[in-house]
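Below is a structure I'd like to ask you about.
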Amino acid sequence: MSNFPTDLISDILCRLPVKTLLRFKCVSKPWGSLIDDQDFAKLHLHQSLKTKTNIKLLLDNRTEIDEKAYSVDFDSLCNLVPLPRPFRSEAHKFQSRIFGSHNGLLAVYHLEAGIALWNPSTRKCNYLPTLSDDLTKDLDLIPCYGYHRNVILGFGYDVTNNDYKVVQMLRHKTRNHFEVMVYSLKANSWKKIKDCPYEVAYNYNDGAFVNGSLHWVGDQIGGHFGKLIFGLRLGDEEYFEVPEGEIDDRGIEIDYKNVGELGGCLCVFHDGSTGGLPDNVALWVMKEYGVKESWKQVIYLSRDDWDMMINIFHTRAVGYTKSGDKLLLDDGSFKPAWCNLENKTGETLYIPGAPERVSTMIYVESLVSVS
């Protein structure tokens, strides 16, 4: 083995799944050092993203008291693997939830225990430092209620500074705005940035990371609906408003719901069920980032036709299949469903051996470090 050039060994190993690489660390000290090196982790990640391999679907159990989440291969929905959760679940207690995924790292929130960055492939977890009492004393963090309205989250990667960041918006008790804290993995600390200049309309509105920025549905301060989409650039930590397309030509007042990332593009669900129309939402995708004319409608969901989903207004787009013919949707009530993009029919997600009601998130297997 010592006669093989290191570059050739790296080129071969970067094509293997993480589970195999972790076993191969025992082959020799040089191999162990190579696989632990973060430059190799970047090479492995780049290879997976380029070839669209090692893509997993995380299934977060939402009904049973279970210490595990589960993962399957996203393309085949096979190879169900149990995963220990970063936070324990107890009967009648608050459950953790996953609010972001990037480069193999998942961001997990628990109202009482805090936030963790979790790599389910390496089984490593980093519990973020808690905010100090001085920072939280004036914030509206009432248990349960705070989860629903007053804590807004996001997770992404700052390419400018080569840093993973968590954004936590916390509603002030007396002043009608969100104070914003940003965690830097590189610095392992929180810092306060400028207050959010928008109202965040919905409790199920986790930040969508696209083009170096996190995005949320919002409104002007004092508003209560999803009238606009705004972003926060992770590089310079500045807010901006996303240009709107010609979403609706029927004179119906705009009410956006969930914003997300789909195939690398920004997407948003738009509620069209006003003005006497039946309950429905439509998914729009911004094909070219920042170009208002590039917004295109992808699917239309009517409650009458999509009764397999409990709440179409909480629907978010999870991801396309590798062939691109189907789209996985998650309704916020934990009954994901496939949408056939050709005939627009739906089918509830079913994975043998997995819990029936789950929240889903796509992630790529990686060796990226959580610390």
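Quick note: the coordinates plus some simple rules give every number you see, no bench work behind them. What you are looking at is a predicted structure, and each value in this text was computed from that prediction instead of being measured. Note that we place each Cβ from the backbone using ideal geometry, even for glycine, and neighbour counts take in every protein chain shown.
Efficiency by 1/(1 + (r/R0)^6): what FRET value for L8 and S369, r their Cβ-Cβ distance, R0 = 22 Å, to the nearest 0.05? Before the final figure, lay out the partial values.
Working: r = 25 Å, r/R0 = 1.12.
After rounding, the FRET efficiency stands at 0.35.
Could you list the chymotrypsin sites (Phe, Trp or Tyr not before Pro) in segment 317-371 that lie in coil according to DSSP, counting only those with at most 14 other Cβ atoms within 10 Å of their Cβ? Working shown, then result.
Details: sites: Y320, F334, W338, Y350, Y363; in loops: F334, Y350.
Loop-located and lightly packed - Y350.
Starting from the 7 Å offset along Cα-to-Cβ, what nm value, one decimal, do you get for the label separation of T130 and E356?
3.7 nm
Moving on to the next point. Given the Cα-Cα distance of K29 and K287 and 0.36 nm per residue of separation, how much length would full extension add, in nm? All intermediate terms of the calculation are to be shown ahead of the outcome.
Numbers: separation 258, 0.36 × 258 = 92.88 nm, distance 4.64 nm.
So the extension gain works out to 88.2 nm.
Please list, in order along segment 185-199, the HN-Hα scalar couplings obtained from phi with the Karplus expression 6.51 cos²θ - 1.76 cosθ + 1.60 (θ = phi - 60°), rounded to whole Hz, x for Gly and Pro.
Using θ = phi - 60°, the values come out as 5, 5, 8, 6, 7, 9, 9, 8, 10, 4, 4, 5, x, 10, 7 Hz.
Here's another thing I want to ask about it. Calculate the spin-label point distance for T160 paired with Q38, positioning each point 7 Å from the Cα along the beta-carbon direction, and give it in nanometres.
According to this spin-label approximation, the distance is 1.9 nm.
Under the 0.36 nm per residue contour assumption, what length would be gained going from the current alpha-carbon distance of A187 and N340 to full extension?
Separation in residues times 0.36 nm, less the Cα-Cα distance, equals 50.7 nm.
Loop only by DSSP, 15 or fewer other Cβ within 10 Å of the Cβ. Give me the GluC sites (Glu not before Pro) in segment 322-361 that pass, ordered by residue number. Write out the running numbers ahead of the final one.
Working: sites: E342, E347, E356; in loops: E342, E356.
Of the GluC sites (Glu not before Pro), the ones in loops of segment 322-361 whose Cβ has at most 15 other Cβ atoms within 10 Å are E342, E356.
I've got another one for you. Going through the cross-link list K292/K326; K257/K296; K19/K186, which pairs have a Cα-Cα distance over 21 Å in this structure? Walk me through the numbers on the way to the answer.
Values: K292/K326 25 Å; K257/K296 16 Å; K19/K186 26 Å.
From the list (K292/K326; K257/K296; K19/K186), the Cα-Cα distance tops 21 Å for K292/K326; K19/K186.
Follow-up. Kindly flag which residue pairs out of K52/K165; K52/K335; K173/K287; K287/K322; K42/K194 have an alpha-carbon separation exceeding 29 Å in this structure. Kindly include the intermediate steps, with their values, before the conclusion.
Numbers: K52/K165 24 Å; K52/K335 26 Å; K173/K287 39 Å; K287/K322 18 Å; K42/K194 32 Å.
Pairs exceeding 29 Å: K173/K287; K42/K194.
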